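S.K.: This structure is in structure tokens; I'll ask about it shortly.
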Amino acid sequence: MRAARFAAFGGPDVLTVDTDVPAPADEAGRVVIEVSHAGVNFAEVMFRRGQFPVGLPHVPGLEAVGTVRSVGAGVTGLVPGQRVAALVMEGGGNAELVSARADLTVPLEGPLAALDSATAAAVPCNVTTAIGVVESAGRVARGDKVLVLAAGGGVGTAAAQLARAAGAALVVGAVSTAAKAEAALAFGYDAVVTYDELADGVRAATGGTGVDVVLDSVGGPVRKAANDLLEPLGRHVVFGDAAQQDTEFPANHVWFTATGFAGYNLGGLAGARPLVLREHFERALHAVASGAVRVAVTELALDEVAKAHELLESRSSTGKFVVRTGV
């Protein structure tokens, strides 16, 4: 089958599109999906760079939309020919066929049938994560002031809308460039600042105070600067490390500042609490289908997956990249 893959860790140039990739076989508890569209995520950039161990060669792609081709033993509620969206935590979505866990595969039926495939492929990782970080980990409540790092990306744009719906009094975004700040403003932010003006920009937006919740997928020096802006009893939610540079805080830091840390990780939930992840995923699909959350999708051909990685890694992109597999 045709698929994008890499056989060594490195830059976007290690990605190739090959036509002789073995097709997945039926397995118990899983379905094989004929993929029409697949999302591209920053997590896949981190896999490609070698930040997380994956077997080589590796086909990236954590989210896929298409039609069920076959079902493995023990699978119920899914049948061949059914249109579905799937979270594919082992990767493999950037291909003509992918094997996905049945419990993380959702039929696009009823209210979800109106979702076009490109939009549906933008949901499984990004909007699901946004629901998790805003509601479960960040516990954004009415009156909260929220700071979203990587505000123009797929998670950030969804998180801003969800924080507003949860009753946040102020939602401030932070991005790497002024151009990305302008694009992010369309998704419900009260203000968007660049990282080099983070402290002054947030103080100005909040009237000289700080924020109650930080949503952070960036890491590095920006993580420390954002944490310094937390008000007492504030929550700092970590769900990524785009900078490839973690920041350490002593345990006494949370005591002395009366603040706290929380985390959200799709893979961790998939292993330990799959029912929770499934619920977040289904709610994400319904939020987009109903119009409660808007997503900005840039659709590319599968041959352009390396371009998508390059734009994500350079932090010059906004919204969400989705590739067509050609099926």
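The values are calculated or read from the model by the stated rules, or taken from the named source; none is laboratory data. Since the model is a prediction, treat every value here as computed from it, not as a measurement. Every residue, glycine among them, receives a Cβ derived from its backbone with ideal geometry; neighbour counts consider all protein chains shown. Heads up: the accessible areas ignore ligands, DNA and RNA and are worked out on the full protein's heavy atoms, side chains in. Shrake-Rupley method; radii C 1.70, N 1.55, O 1.52, S 1.80 Å.
S.K.: How high is the FRET efficiency from residue 79 to residue 273, r the C-beta distance, R0 25 Å, rounded to 0.05?
M.R.: 0.40
S.K.: How much area per residue is accessible in the range 172-327 when the probe is 1.4 Å and only protein heavy atoms are counted (Å²)?
M.R.: Accessible area per residue, the range 172-327: 46 Å².
S.K.: In nm, what is the difference between 0.36 nm times the number of residues separating residue 67 and residue 251 and their Cα-Cα distance?
M.R.: Separation in residues times 0.36 nm, less the Cα-Cα distance, equals 61.4 nm.
S.K.: If you don't mind, another one. Considering only protein heavy atoms and a probe of 1.4 Å, how much of the accessible area of the chain is carbon and sulfur, as a whole percent?
M.R.: Here it works out to 54 percent.
S.K.: Going toward the positive end of the dipole of the chain, with +1 on Lys and Arg Cβ and -1 on Asp and Glu Cβ, which of 43, 257, 168 do you reach last?
M.R.: It is 168.
S.K.: If you don't mind, another one. Kindly provide the GluC sites (Glu not before Pro) of the range 236-327 that DSSP labels as loop, not H, G, I, E or B, and whose Cβ sees at most 13 other Cβ atoms within 10 Å.
M.R.: Hits after loop and neighbour filter: 248.
S.K.: Once volume of the Cα convex hull per residue in Å³ is worked out from the coordinates, which option in [x] 161; [y] 121; [z] 138 does it equal?
M.R.: Label [y] holds the value from this structure.
S.K.: Considering amide H positions built from the backbone, and no H for Pro or chain starts, which residues 5 or more places from residue 262, or on another chain, come under 5 Å of its amide H?
M.R.: 236, 237, 238
S.K.: Where does each of 113-126, 253-266, 34-47, 66-79 land if you order them by average Cβ count within 10 Å, highest first?
M.R.: My ranking of the peptides, most packed first, is 34-47, 113-126, 66-79, 253-266.
S.K.: Would you list the P(r) distribution for the range 1-131, with all Cα-Cα distances sorted into 5 Å bins from 0 and each bin expressed as a whole %?
M.R.: Calculated over all Cα pairs of the range 1-131, the distribution is 2, 12, 22, 23, 20, 14, 6, 2, 0 percent.
S.K.: Can you give the extra length, in nm with one decimal, that the chain gains between residue 243 and residue 114 once fully stretched, where that is 0.36 nm per residue apart less the Cα-Cα distance?
M.R.: 42.7 nm
S.K.: Then there's this: Can you give the FRET efficiency to the nearest 0.05 for residue 23 and residue 233, using r as the Cβ-Cβ distance and R₀ = 56 Å?
M.R.: Plugging the Cβ-Cβ distance into 1/(1 + (r/R0)^6) gives 0.60.
S.K.: List the residues, sorted by chain then number, that are 5 or more residues from residue 63 or on another chain and whose placed amide H is less than 5 Å from its amide H.
M.R.: Amide H to amide H, under 5 Å and 5 or more residues apart or across chains, residue 63 pairs with 39, 88, 93.
S.K.: Here's a follow-up. Starting with the highest mean, order 106-112, 153-159 by the number of other Cβ atoms within 10 Å, averaged over the residues of each peptide.
M.R.: Listed from highest to lowest mean packing, they are 153-159, 106-112.
S.K.: Taking 0.36 nm per intervening residue step and subtracting the Cα-Cα distance, what contour gain separates residue 196 from residue 169 on full extension?
M.R.: Working it through step by step, the gained length comes to 7.3 nm.
S.K.: Right, here's the next one. Which order, highest average first, do 165-174, 211-220 follow once you tally other Cβ atoms within 10 Å for each residue and take the mean per peptide?
M.R.: Packing proxy ranking, top to bottom: 211-220, 165-174.
S.K.: Using +1 on the beta carbon of Lys and Arg, -1 on that of Asp and Glu, and nothing else charged, what's the dipole of the range 18-118 about the Cα centre, debye to 20?
M.R.: 180
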